[in-house]
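S.K.: Have a look at this one before I ask anything.
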Amino acid sequence: MVVCDIFKYHMSIDLKTIKHISKLSRISVDEQKAEKLAGDLNSIFKFIEKLNELKTENVVPLTSVAETTLKLRSDEIKSKDIRKQILKNSPQDNEDYFVVPKVIE
Amino acid sequence: MSDITKQSLSELVKNIKDKKLSSEEVTKAFINRSEKSKELNAYITEDYSSALDKAKKFDQKPNLELKLPGIPMAVKDLFCTDSIRTTAGSKILNNFVPTYESTVTQNIWNEGAILLGKLNCDEFAMGSSNETSFFGNVQNPIDKNLVPGGSSGGSASAVAGQLTPITIGTDTGGSIRQPASFTGIVGLKPTYGSCSRYGIVAFASSLDQAGPMAQNVKDCALLQEVISTYDPKDSTSIDFKRNEYSKELTNNIKGKKIGIPKEYRVEGMPKEIEELWQKGIQYAKDCGAEIVDISLPHTSYALPTYYIVAPAEASSNLARYDGVKYGFRAKGENLTDMYEKTRSEGFGAEVQRRIMIGTYVLSSGYYDAYYLKAQKIRKLIKNDFDEAYKKVDAILTPSTPSSAFKIGEKKDDPVSMYLNDIFTVPVNLAGLPGISIPAGHDAKGYPLGLQIIGKAFDEQNILNIAYAMEEKINFKNKITDWWIK
């Protein structure tokens with residue numbers, strides 16, 4: 001059987017793959033959400049498959065439309081003393097630190 | 001003076017400069033109308049009392065040399081505003097108060113404008129209908145239960161509904177031009193690198209660009225003049241000579257060559273869009289422009305390319321939302337559990353979908369097949385434009401493949417929602433400027449827009465073409481104030 005070129009990359013995204021991507025993305029998904037996502041992602045990737053129609057071996061990838069070399073700035077401190085305001089945005093603050101769940105037993 | 005909110009930005013600036021109106025009167029008028037317009041849900045955060053204080057302060061010692069003297073203005077809630085909550089339409093930033101100001105908004109305040117509040121948008125600017133916002137749908141002033149487009153839906157609704165004389169939005173794949181088209185206003189997506197991205201909540205960094213949204217082309221040119229500056233704080237900001245767009249604005253476009261790309265005649269496009277386009281071509285001819293048929297052969301690959309590049313960049317940009325230093329945090333049994341629950345509960349469905357797509361296309365084993373492939377096709381799309389611009393000065397297309405649709409109509413079908421941006425996305429991929437101007441109505445009386453795409457850094461040229469065509473089109477937005485009781 002000849003496998004059509006268009007299906008070469010895109011195998012249907014199964015629940016196992018969804019679980020793997022969700023782990024990489026640090027987004028928890030339950031079974032119900034995983035199934036919904038699998039359906040959505042499959043229809044989106046089916047749409048994206050169109051790109052395989054084009055041969056691109058000799059094309060140089062475009063990484064930036066801004067044809068400019070990145071400029072450097074001198075290393076000067078310009079910010080104000082805003083420690084308190086920054087810590088105020090923390091979901092759980094302890095005066096001088098950002099607090100996270102215990103990581104060392 | 002009655003009907004202050006009906007005046008264009010240019011009229012308000014003139015009346016303030018001529019001392020016929022005070023900043024306080026103008027600010028009060030827009031606050032009153034905004035307060036009567038809660039049903040539109042255009043605002044996420046209101047800052048009215050502080051706006052009034054600033055207006056009074058301005059009037060005490062008015063600096064009438066400024067470009068936006070005492071002009072009140074609400075902005076999209078994607079721009080960080082110092083000490084004022086900035087949410088990006090997301091639960092995960094529901095309580096985030098920036099300690100710095102975006103360059104674009106700072107430029108606006110430096111010219112004398114006054115912040116009215118922060119406007120609703122799709123969550124992290126991901127959407128074409130403003131339905132992904134954590135803060136709810138925005139109503140289109142054109143008709144009840146009609147989407148205003150997105151992602152700058154609150155911005156478009158606020159300008160069309162006269163809640164603000166002018167505003168700024170951001171455009172990653174059409175987020176200024178599509179809502180402008182859906183609400184009958186003007187919206188400009190500048191050349192990539194024209195307006196600083198510093199302090200704008202990042203979505204897809206190689207595509208994001210801030211731009212003005214206004215009732216007419218002249219106002220749009222004036223705001224573009226204010227917001228476009230070189231900024232060392234954005235490493236992709238480009239140091240080029242910027243025009244005084246509003247001063248140099250002219251309706252003389254005689255002899256300008258305007259390209260008509262045959263690939264924008266897509267299958268299933270409503271007849272009225274084709275008719276609008278033909279009308280646009282005639283208007284351009286009437287203005288003395290020369291019409292040239294062109295080809296942009298890779299147009300149909302632009303959307304699939306975009307839906308690899310944009311989610312890939314988004315998945316990387318949105319990795320910072322981990323519930324540690326700011327924003328929403330969910331309770332977790334350990335650090336990883338906290339991250340995963342925070343992001344699962346803090347992001348909405350569309351944002352999660354895009355993070356997952358982005359993570360997948362960048363993951364080991366798929367990078368070459370998807371991301372690298374998309375970057376190569378992005379190059380082909382840009383080459384198409386480069387080739388076309390050897391023959392023409394600008395390109396004319398419809399802004400969107402349809403008029404505004406009903407709230408809920410496309411919500412459950414991501415691909416059909418994505419198709420909204422079919423005419424706008426290629427412009428972002430190529431980093432070019434594009435402007436949408438209102439050009440007519442469909443059978444339902446909903447506005448339709450035409451898009452003029454320019455060469456990089458050639459904003460003046462597309463503003464001029466838009467200005468000349470605007471005069472011929474003589475568009476009147478049909479706003480009935482249905483939401484005001």
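S.K.: Quickly work out the B:Lys57-to-B:Asp337 label distance, labels modelled 7 Å from Cα along the C-beta direction, and quote it in nm with one decimal.
M.R.: So the two model labels end up 4.8 nm from each other.
S.K.: Expressed as a whole number of Å, what is the distance separating the alpha-carbon centroids of region A:51-100 and region B:266-342?
M.R.: Each part's Cα centre sits 21 Å from the other's.
S.K.: Please give the calculated 222 nm ellipticity per residue for chain B, where each DSSP H segment of at least 4 residues contributes -39500 (n - 2.57) and the sum is spread over every residue; nearest 500 deg cm²/dmol?
M.R.: Calculated mean residue ellipticity at 222 nm is -10500 deg cm²/dmol.
S.K.: Hey, any idea what % of chain A's accessible area is carbon plus sulfur with a 1.4 Å probe?
M.R.: Numbers: 4480 of 8240 Å².
After summing per-atom areas, the C and S share lands at 54 percent.
S.K.: For the cross-link pairs B:Lys67/B:Lys241; B:Lys20/B:Lys54; B:Lys144/B:Lys411; A:Lys16/B:Lys406; A:Lys36/B:Lys144, which exceed 24 Å when the distance is taken from alpha carbon to alpha carbon?
M.R.: Among B:Lys67/B:Lys241; B:Lys20/B:Lys54; B:Lys144/B:Lys411; A:Lys16/B:Lys406; A:Lys36/B:Lys144, the Cα-Cα distance tops 24 Å for A:Lys16/B:Lys406; A:Lys36/B:Lys144.
S.K.: Show me the chymotrypsin sites (Phe, Trp or Tyr not before Pro) within region B:195-280 that DSSP assigns to loop and that have at most 14 other Cβ atoms within 10 Å of their Cβ.
M.R.: Those satisfying the criteria are B:Phe240.
S.K.: DSSP beta bridges in the protein assembly as shown, what fraction antiparallel, as a percent rounded to 5?
M.R.: 70
S.K.: Using Cα positions and a limit of under 18 Å, work out the lysines in reach of B:Lys391, with same-chain residues fewer than 8 apart set aside.
M.R.: B:Lys254, B:Lys256, B:Lys257, B:Lys262, B:Lys285, B:Lys382, B:Lys455
S.K.: Filter the trypsin sites (Lys or Arg not before Pro) in region B:242-323 down to the DSSP loop ones having no more than 10 other Cβ atoms within 10 Å, then list what survives. It would help to have the intermediate numbers written out before the result.
M.R.: Working: sites: B:Arg242, B:Lys247, B:Lys254, B:Lys256, B:Lys257, B:Lys262, B:Arg265, B:Lys271, B:Lys279, B:Lys285, B:Arg320; in loops: B:Arg242, B:Lys247, B:Lys254, B:Lys256, B:Arg265.
Qualifying residues, ordered by number: B:Lys247, B:Lys254.
S.K.: Could you give the accessible area per residue of region B:8-253, probe 1.4 Å, as a whole number in Å²?
M.R.: For region B:8-253, the per-residue accessible area is 28 Å².
S.K.: For B:Lys76, enumerate residues with amide H under 5 Å from its amide H, sequence gap 5+ or separate chain, H modeled in the peptide plane.
M.R.: It is B:Leu119, B:Ile168, by chain and number.
S.K.: So if I take the centroid of the Cα atoms in region B:139-196 and the same for region B:94-138, what is the distance between those two points in Å?
M.R.: A separation of 12 Å, based on Cα centres.
S.K.: Tabulate in residue order the Karplus-calculated ³J(HN,Hα) for region B:386-402, using 6.51 cos²θ - 1.76 cosθ + 1.60 with θ = phi - 60°, rounded to whole Hz; enter x for Gly and Pro.
M.R.: Running phi through 6.51 cos²θ - 1.76 cosθ + 1.60 with θ = phi - 60° gives 4, 4, 4, 6, 6, 10, 10, 9, 7, 10, 10, 9, x, 7, 9, x, 7 Hz.
S.K.: Please compute the net charge surrounding B:Tyr321, taking Lys and Arg as +1 and Asp and Glu as -1 over other residues with Cβ under 14 Å from its Cβ.
M.R.: +4
S.K.: I'd like the interface area for chains A and B: accessible area of each alone minus the complex, both sides summed, 1.4 Å probe, protein heavy atoms only. What is it in Å² to the nearest 100?
M.R.: So the buried area, both faces added, is about 5400 Å².
S.K.: Quick query: amide H of B:Ser175 versus all other amide H atoms, modeled in the peptide plane; which residues come in under 5 Å with a sequence gap of 5 or more or a different chain?
M.R.: B:Ser151
S.K.: A further question follows. Once the other residues with Cβ under 12 Å from the Cβ of B:Lys406 are scored (Lys, Arg +1; Asp, Glu -1), what is the net sum?
M.R.: Neighbour charge sum, excluding B:Lys406 itself: +1.
S.K.: Quick one: which residues, 5+ away or cross-chain, put their amide H under 5 Å from the amide H of B:Tyr43? H built at 1.01 Å from N.
M.R.: B:Asn120
S.K.: Can you list the residues of region A:87-104 whose accessible area drops by at least 50 Å² going from the chain on its own to the full set of protein chains, with a 1.4 Å probe?
M.R.: A:Asn89, A:Pro91, A:Phe98, A:Pro101
S.K.: Using a loss threshold of 10 Å², tell me which positions in region B:188-235 are less accessible in the complex than in their chain alone. Probe radius 1.4 Å, ligands and nucleic acids ignored.
M.R.: When all protein chains are present, B:Tyr192, B:Ser206, B:Tyr230, B:Pro232, B:Lys233, B:Ser235 each give up 10 Å² or more of accessible surface.
S.K.: Take chain A, connect every pair of alpha-carbon atoms lying under 10 Å apart with a spring to form a Gaussian network, then pick out the residue of A:Leu51, A:Leu62, A:Leu72 with the largest mean-square fluctuation.
M.R.: In this elastic network of chain A, the residue with the biggest mean-square fluctuation among A:Leu51, A:Leu62, A:Leu72 is A:Leu72.
S.K.: Let me ask another. Restricting things to alpha carbons, find the Rg to Rh ratio for chain B using the Kirkwood radius for Rh.
M.R.: Details: Rg = 21.1 Å, Rh = 22.2 Å.
Ratio of gyration radius to Kirkwood radius: 0.95.
S.K.: Hey, another quick one. List the relative contact order of region B:8-253 as a percent without decimals, with contacts defined as Cα pairs under 8 Å and 6+ residues apart.
M.R.: Numbers: 592 pairs, mean separation 43.5, N = 246.
Worked out over region B:8-253, it gives 18 percent.
S.K.: Can you tell me which lysines have their Cα less than 18 Å from the Cα of A:Lys78? Leave out same-chain residues fewer than eight positions away.
M.R.: Candidates past the 8-residue exclusion: B:Lys233.
S.K.: Roughly speaking, to the nearest percent, how much of region B:8-253's 1.4 Å accessible area is carbon and sulfur?
M.R.: 46
S.K.: Roughly how far apart, in whole Å, are the Cα centres of region B:421-485 and region A:14-50?
M.R.: Region B:421-485 and region A:14-50 have Cα centres spaced 36 Å from each other.
S.K.: Within chain B, what's the longest stretch lacking GluC sites (Glu not before Pro) that sit in DSSP loops with no more than 11 other Cβ atoms inside 10 Å? Intermediate values should be presented prior to the final figure.
M.R.: Details: sites that count: B:Glu65, B:Glu267, B:Glu333.
Longest gap between qualifying sites, sites excluded: B:66-266.
S.K.: Something else now. Which of rounded, prolate or oblate describes region B:8-253 when judged by the alpha-carbon gyration tensor and an a/c cut-off of 1.5? Each step should come with its number before you reach the end.
M.R.: Values: a/c = 1.30, a/b = 1.10, b/c = 1.18.
Cα axes put region B:8-253 in the rounded bin.
S.K.: Could you check the simple spin-label distance between A:Gln85 and A:Arg73, using points 7 Å along Cα→Cβ, in nm with one decimal?
M.R.: For A:Gln85 paired with A:Arg73, the spin-label model returns 1.6 nm.
S.K.: While we're looking at this one, here's another question. Rounded if a/c is under 1.5, else prolate if a/b beats b/c, else oblate: with a ≥ b ≥ c from the C-alpha gyration tensor eigenvalues square-rooted, which is the protein assembly as shown?
M.R.: Verdict is oblate for the protein assembly as shown.
S.K.: Turning to a different aspect of this structure: What is the percent carbon and sulfur in the accessible area of region B:355-485, measuring with a 1.4 Å probe over the protein chains and ignoring ligands? Walk me through the numbers on the way to the answer.
M.R.: Working: 2200 of 4410 Å².
Looking at region B:355-485 in its full context, I get 50 percent from C and S.
S.K.: What residues in region A:24-44 lose 20 Å² or more of accessible surface when the other protein chains are added to their chain alone (1.4 Å probe)?
M.R.: Those are A:Leu24, A:Ser25, A:Arg26, A:Ile27, A:Ser28, A:Lys33, A:Leu37, A:Asp40, A:Leu41, A:Ser43, A:Ile44, which lose 20 Å² or more relative to the chain on its own.
S.K.: Here is a follow-up. How big is the dipole moment of chain B about its Cα centre under a simple scheme where the beta carbon of each Lys and Arg is +1, that of each Asp and Glu is -1, and everything else is neutral? Debye, nearest 20, please.
M.R.: Numbers: 59 positive and 59 negative charges, 75 e Å.
Its charge dipole is roughly 360 debye.
The values are calculated or read from the model by the stated rules, or taken from the named source; none is laboratory data. Computed from a predicted model, the values in this text were never measured in an experiment. Backbone-built Cβ (ideal geometry, glycine too); neighbour counts: all protein chains shown. These area figures cover heavy atoms from the full protein model, side chains too; ligands, DNA and RNA do not enter into them. Shrake-Rupley method; radii C 1.70, N 1.55, O 1.52, S 1.80 Å.
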